1. When you check residue 7 against the structure, is it part of a helix (DSSP H, G or I), free of Cβ contacts under 8 Å to residues at least 12 places away in the same chain and exposed (fewer than 10 other Cβ atoms within 10 Å of the Cβ), yes or no?
2. Being surrounded by 10 or more Cβ atoms within 10 Å (Cβ to Cβ), under 27 Å from the mean Cα position of the chain (by Cα) and modelled with pLDDT under 95 narrows it down to one of 80, 39, so name that one.
3. So which pairs qualify, if the first residue must be in the stretch 30-48 and part of a helix (DSSP H, G or I), the second must be surrounded by 10 or more Cβ atoms within 10 Å (Cβ to Cβ), the Cβ gap must be under 8 Å, and the two must be at least 6 apart or on different chains?
4. Looking at the stretch 60-86, I want the residues that are without any contact (Cβ under 8 Å) to a residue 60 or more places away in the chain and on the phi < 0 side of the Ramachandran plot and have a partner that is assigned to a helix (DSSP H, G or I) and surrounded by 10 or more Cβ atoms within 10 Å (Cβ to Cβ) with Cβ atoms under 9 Å, at least 6 apart or on another chain. Which pairs are those?
5. Can you tell me which of 106, 116 is loosely packed, with under 10 Cβ neighbours inside 10 Å, assigned to a helix (DSSP H, G or I) and modelled with pLDDT under 80?
6. Just to check your reading of the model, which residue among 51, 71 is surrounded by 10 or more Cβ atoms within 10 Å (Cβ to Cβ), assigned to a helix (DSSP H, G or I), more than 17 Å from the chain's Cα centre (by Cα) and modelled with pLDDT of 85 or more?
7. Based on this model, can you work out whether residue 95 counts as out of contact with any strand residue (DSSP E or B) (no Cβ under 7 Å at 6 or more places or on another chain), over 26 Å from residue 82 (Cα atoms) and modelled with pLDDT of 75 or more?
């Protein structure tokens, strides 16, 4: 068997020392790199989740606004319908009052009474106008 020269032993020793130091260092570097990669993946997933949540919130708010607009429109239509009915009823009452006063006038038949009846009718009409303003 051949003898190993001290130079070969020294080179071999240095090589093993370097390997003993480098292998764990390479393992640590691999773990660090893997950890960084996993952290970036988690960050991307978190950002994607945040974006999805924001889009969902925006969609829900838009949906809620549409529903409220529809409800508001329905209520406005109902109020307008009721207002028209009230106006119609008030107009019918005014017409009935006119007929009533005219029938009274035809029974009484004097001009002085006619003036007082017209004044009373005007007062009644003013009352109904005020009532319309208040109810609107």
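The values are calculated or read from the model by the stated rules, or taken from the named source; none is laboratory data. Keep in mind that this is a model prediction, so the values were computed, not measured. Reconstructed Cβ throughout: ideal geometry from the backbone, glycine too, with neighbour counts over all protein chains shown.
1. Details: part of a helix (DSSP H, G or I): yes; free of Cβ contacts under 8 Å to residues at least 12 places away in the same chain: yes; exposed (fewer than 10 other Cβ atoms within 10 Å of the Cβ): yes.
So residue 7 passes the test.
2. On the way: 39 fails: under 27 Å from the mean Cα position of the chain (by Cα).
After applying the criteria, what remains is 80.
3. The qualifying pairs do not exist here.
4. Short answer, once both residue conditions are applied: 83/135; 86/132; 86/135.
5. On the way: 116 fails: loosely packed, with under 10 Cβ neighbours inside 10 Å.
The conditions single out 106.
6. Numbers: 71 fails: more than 17 Å from the chain's Cα centre (by Cα).
Result: 51 is the single residue among 51, 71 that is surrounded by 10 or more Cβ atoms within 10 Å (Cβ to Cβ), assigned to a helix (DSSP H, G or I), more than 17 Å from the chain's Cα centre (by Cα) and modelled with pLDDT of 85 or more.
7. Numbers: out of contact with any strand residue (DSSP E or B) (no Cβ under 7 Å at 6 or more places or on another chain): yes; over 26 Å from residue 82 (Cα atoms): no; modelled with pLDDT of 75 or more: yes.
No.
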